[in-house]
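A.B. asks: Take a look at this one; I'll ask things after.
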Amino acid sequence: MRTAFLSVLVAFAAPVAAQNDSITWTDGSVTKGVTVTGFTIRQASYKTRGSTEQKSSDMVLKMDISKVKDKYRRAFTAGRDDRVAQFLMIAESLKEQPFLSQFGYMEAAQMLLDNEQYGDAFGVLEEMTTACPDSGFVPILYRAKCEYYLGRQQKSDLAKVAGAFAAAAQTQAYPQGYVIEAEYYRALARALNGELTPDALRKEMQGILRRADPNFPVIAGRARLSIADNLRIEGKIAEAKNEYQDLIDDDKTAPTLLPAAWLGLGHTFAAEGTPNTRELYRSALLAYLRVYLDDASSDALKAESLYFGAQAAQNWGGEGAARHRSILRGRLLNHYPDSSWAKK
């Protein structure tokens, strides 16, 4: 399962003829029938039949590149236990071709992140920044570390990495999307450290949203999600519910953000539930189930949704509620035994 903080992916399939690469952009459009020739911090380059074109790298969502698939065929088809090593071995053999080499490091790091081997993943990404210092994947090292420290509420580490991200974005002329993203993490770091009130954080996020929308929908969606979470934590449940619902209903919302929006919506239903309005707990249960069943959900979100889903089932108390609670609790303990939610 792919995690949310890696937005540039390489699709794998059978080798195809030249000039049959494709690039999916952050606005949802797709450029097909090209040959991708470069991907650096600042731009993606590709050849059409008549010319060579460039676009800002922060506008890239996904790439399907035949030459990468061909070079890494052995790694893509390797057994699961051997796949990371194969990607790294091929990446190192291609160091004289940094455009191709960077993809091996990125795939290896992604698999390690998916397996929650964060230290090893960060090590691979750092190795990539040394071997391919101008790689278009360099900003992902900052993003991955920020998400890791944010999820663990590690204030000083988050502040340090977010600050380094912002400094690099400014001093090394990163594209605008990365500048905005760095500001997003800096705002969250300041809030976590008590430097921003809930209202001040919402204002920061509203400013980020205005700058990100519509060219950078993933960043814009994260800002909207942060606003909704902030309202909910502050007890402004009705306002938070509207924000979550708007995110879910917006067809521009990135699929990777939908599980978190459904989780937040479930929390608002649960917060409004009372012994006299038990159907709200059923609505919460259904929202939590959406999170658990979504392939885009991280393991952390799945574990949280199972924990609160079991609670919602118990509070609902309708037909089949006890069975639902037992099943959800059992899956939490069996599938995510090491999660903090299984230990509650």
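The values are calculated or read from the model by the stated rules, or taken from the named source; none is laboratory data. No experiment lies behind these values; they were computed from the predicted model shown. Positions of Cβ are generated from backbone atoms using ideal geometry, with glycine treated the same way; all protein chains shown enter the neighbour counts.
A.B. asks: Counting only residues that are within 16 Å of the chain's Cα centre (by Cα) and either surrounded by fewer than 22 Cβ atoms within 10 Å (Cβ to Cβ) or in contact (Cβ under 8 Å) with a residue 40 or more places away in the chain (or both), how many does region 263-291 have?
C.D. replies: Matching residues across region 263-291 total 1.
A.B. asks: Within region 298-320, is there a residue that is crowded, with 20+ Cβ neighbours inside 10 Å and in contact (Cβ under 8 Å) with a residue 60 or more places away in the chain?
C.D. replies: yes
A.B. asks: Considering only strands (runs of 3 or more DSSP E) fully contained in region 23-91, which possess at least 1 residues that are at pLDDT below 90, within 24 Å of the chain's Cα centre (by Cα) and surrounded by fewer than 17 Cβ atoms within 10 Å (Cβ to Cβ)?
C.D. replies: The strands (runs of 3 or more DSSP E) meeting that bar are 60-64.
A.B. asks: Taking into account only those residues within region 167-183 that are in a helix (DSSP H, G or I) and touching a residue at least 40 places away in the same chain (Cβ under 8 Å), which is farthest from Ala223 (Cα to Cα)? Spell out the reasoning first.
C.D. replies: Within region 167-183, the first condition is being in a helix (DSSP H, G or I), and the residues that meet it are 167-171, 176-183.
Remaining after also requiring touching a residue at least 40 places away in the same chain (Cβ under 8 Å): 176-178, 181-182.
Working: Gln176: 16, Gly177: 13, Tyr178: 14, Glu181: 10, Ala182: 12 Å.
Among those that are in a helix (DSSP H, G or I) and touching a residue at least 40 places away in the same chain (Cβ under 8 Å), it is Gln176.
A.B. asks: Take the residues in region 241-252 that are of a type in the set (Asp, Glu) and part of a helix (DSSP H, G or I); name whichever of them is surrounded by the most Cβ atoms within 10 Å (Cβ to Cβ).
C.D. replies: Glu243
A.B. asks: Take Ala238 and decide whether it is more than 20 Å from Thr26 (Cβ to Cβ), modelled with pLDDT of 95 or more, assigned by TED's automatic domain parsing to the domain that holds Trp316 and surrounded by fewer than 22 Cβ atoms within 10 Å (Cβ to Cβ).
C.D. replies: Against the criterion (more than 20 Å from Thr26 (Cβ to Cβ), modelled with pLDDT of 95 or more, assigned by TED's automatic domain parsing to the domain that holds Trp316 and surrounded by fewer than 22 Cβ atoms within 10 Å (Cβ to Cβ)), Ala238 does not qualify.
A.B. asks: Sort through Tyr281, Tyr336 and tell me the only one that's among the aromatic types (Phe, Trp, Tyr) and either at pLDDT 95 or above or within 24 Å of Ile227 (Cβ to Cβ) (or both).
C.D. replies: From the options Tyr281, Tyr336, the qualifying one is Tyr281.
A.B. asks: Let me ask another. Assess whether Asp120 counts as being of a type in the set (Asp, Glu), within 23 Å of Asp338 (Cβ to Cβ) and surrounded by fewer than 20 Cβ atoms within 10 Å (Cβ to Cβ).
C.D. replies: In short, yes.
A.B. asks: Pick from Arg210, Arg143, Arg186: which is of a type in the set (Lys, Arg) and touching a residue at least 60 places away in the same chain (Cβ under 8 Å)?
C.D. replies: Answer to the selection: Arg143.
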